[in-house]
Amino acid sequence: MSRVRVPSIAPTLLRSMSFIKALFLGIIQGASEFFPVSSSAHLKLFKIIFHMKEFQTDYIFDLTCHLGTLLAAIIYLRKDIFELFTKQRQKLLFIILAIVPLIPIYFFFSSSIKYLSKDSFLPFFLLLTSFLIFIASKVKIKNKIQDRRRKIKDVLLIGIMQALALVPGISRSGFTISSGYLRGWKVEDSIKFSFLLAIPTILGGSFLEGIKHFKIEQIITSSNILQYLIAFLASFGVGFIAIRYVFSIKSFNKLKPFAWYLLIVALFSFVYLNFFMK
């Protein structure tokens, strides 16, 4: 008597779970990229906490998530980007100048960045971001007249602060917006400059990281592509909502809740990584 072979539902269930995880991580990327909370830290933490081993070394997946939020920023800031190349050439030069500090740090300190990117350092850098935002929210800064020489110093400082965000836990937007504000910029000007600066930074970083990691043999299947698409659409959709909210902020004091949030996440991650991962 021949046996009837019943198809196993395990592979289908595993694929479904992977799609849900991809959707979840895409949402996390979309929310945390524009809020001053460090998207790289959040992706890393959630992968660890929920044991998403299949995504922990999938560099193409992370790049896809970042490209989703990049597209959201480009669409939202499309008018400002157009004006940079037509009416605001000086502002374009300032953005280029702000990118300069990132180049030597990326290429010459890659080993230090890799070392500081270890999970054990994550809580401390989250705490550092929390501290900076908290200090900036407490200090009342008068808007200062921005002459050319002062503006050059400001954008170089912002560029250095952005370069520090190569380390997970240090929020790129948190550091750049805070540094602009502490130098006497209006909050809305700091936010706009920060995200205009983010576009070439994320684009260039994605390109360089893509070249680096595409050299690593990684099998791409149809299910991988669907996961990437789900994560891309989720990060784009949530990112577009998040960036609209951030641009509605007119007072730095409204960023203070993010400082408290980061403090809680830093304490939680310290306890989890040191007492539950061993």
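Return only the number of the condition from (1) within 17 Å of the chain's Cα centre (by Cα); (2) modelled with pLDDT of 90 or more that Ser120 does not satisfy.
All conditions pass for Ser120, except number (1).
Using beta carbons and a limit of 8 Å, which pairs, at least six apart or on different chains, have the first residue in region 154-171 and within 19 Å of Asp189 (Cβ to Cβ) and the second one outside any helix (DSSP H, G or I) and among the hydroxyl-bearing types (Ser, Thr, Tyr)?
Ser171/Ser38
Could you check region 164-191 and list, in sequence order, the residues that are over 16 Å from Ile133 (Cβ atoms) and more than 16 Å from the chain's Cα centre (by Cα)?
The initial filter retains those residues of region 164-191 that are over 16 Å from Ile133 (Cβ atoms), namely 166-168, 184, 186, 188-189.
Answer for region 164-191, where residues must be over 16 Å from Ile133 (Cβ atoms) and more than 16 Å from the chain's Cα centre (by Cα): Gly184, Lys186, Glu188, Asp189.
Lys114: assigned to a helix (DSSP H, G or I) and farther than 18 Å from Leu262 by Cβ, yes or no? Spell out the reasoning first.
Details: assigned to a helix (DSSP H, G or I): yes; farther than 18 Å from Leu262 by Cβ: yes.
Taking the combined requirement at face value, the residue satisfies it.
Yes/no matrix, rows are residues, columns are (1) out of contact with any His (no Cβ under 7 Å at 6 or more places or on another chain); (2) modelled with pLDDT under 95; (3) surrounded by 14 or more Cβ atoms within 10 Å (Cβ to Cβ):
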position	(1), (2), (3)
Gly237	yes, no, yes
Phe240	yes, no, yes
Ile249	yes, yes, yes
Leu255	yes, yes, yes
Trp260	yes, no, no
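Condition check ((1) surrounded by 14 or more Cβ atoms within 10 Å (Cβ to Cβ); (2) at pLDDT below 95) across all residues:
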position: Ala136; (1), (2): yes, yes
position: Asn143; (1), (2): no, yes
position: Arg149; (1), (2): no, yes
position: Gly184; (1), (2): yes, yes
position: Ile220; (1), (2): no, yes
position: Phe232; (1), (2): yes, no
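Check whether at least one residue in region 142-159 is over 16 Å from the mean Cα position of the chain (by Cα) and more than 22 Å from Gln90 (Cα to Cα), and report yes or no.
Among the residues of region 142-159, at least one is over 16 Å from the mean Cα position of the chain (by Cα) and more than 22 Å from Gln90 (Cα to Cα), which makes the answer yes.
Taking only region 182-197 into account, find how many residues are within 21 Å of Lys138 (Cα to Cα) and either without any contact (Cβ under 8 Å) to a residue 24 or more places away in the chain or assigned to a helix (DSSP H, G or I) (or both).
Of the residues in that region, 7 qualify.
Pick from Lys250, Lys256: which is in contact with a Lys or Arg (Cβ under 9 Å, 6 or more places away or on another chain) and part of a loop (DSSP other than H, G, I, E, B)?
Lys250
Which condition does Lys79 not pass, out of (1) within 29 Å of Trp260 (Cα to Cα); (2) at pLDDT 80 or above, if it passes all the others?
(1)
If you take the residues of region 261-278 that are aliphatic (A, V, I, L, M) and assigned to a helix (DSSP H, G or I), which of them is nearest to the chain's Cα centre (by Cα)?
Out of the qualifying residues, it is Leu262.
Which ones in region 245-263 are in contact with a Ser or Thr (Cβ under 9 Å, 6 or more places away or on another chain) and among the β-branched types (Val, Ile, Thr)?
Answer for region 245-263, where residues must be in contact with a Ser or Thr (Cβ under 9 Å, 6 or more places away or on another chain) and among the β-branched types (Val, Ile, Thr): just Val246.
If I filter region 186-210 down to residues being within 14 Å of Ile249 (Cα to Cα) and acidic (Asp, Glu), which single residue comes out as surrounded by the fewest Cβ atoms within 10 Å (Cβ to Cβ)?
Taking the candidates together, the pick is Glu188.
The values are calculated or read from the model by the stated rules, or taken from the named source; none is laboratory data. A quick note: this is a predicted structure, and the numbers were derived from the prediction, not measured. Quick reminder, even Gly has a Cβ in these numbers, built from the backbone with ideal geometry, and neighbours come from all protein chains shown.
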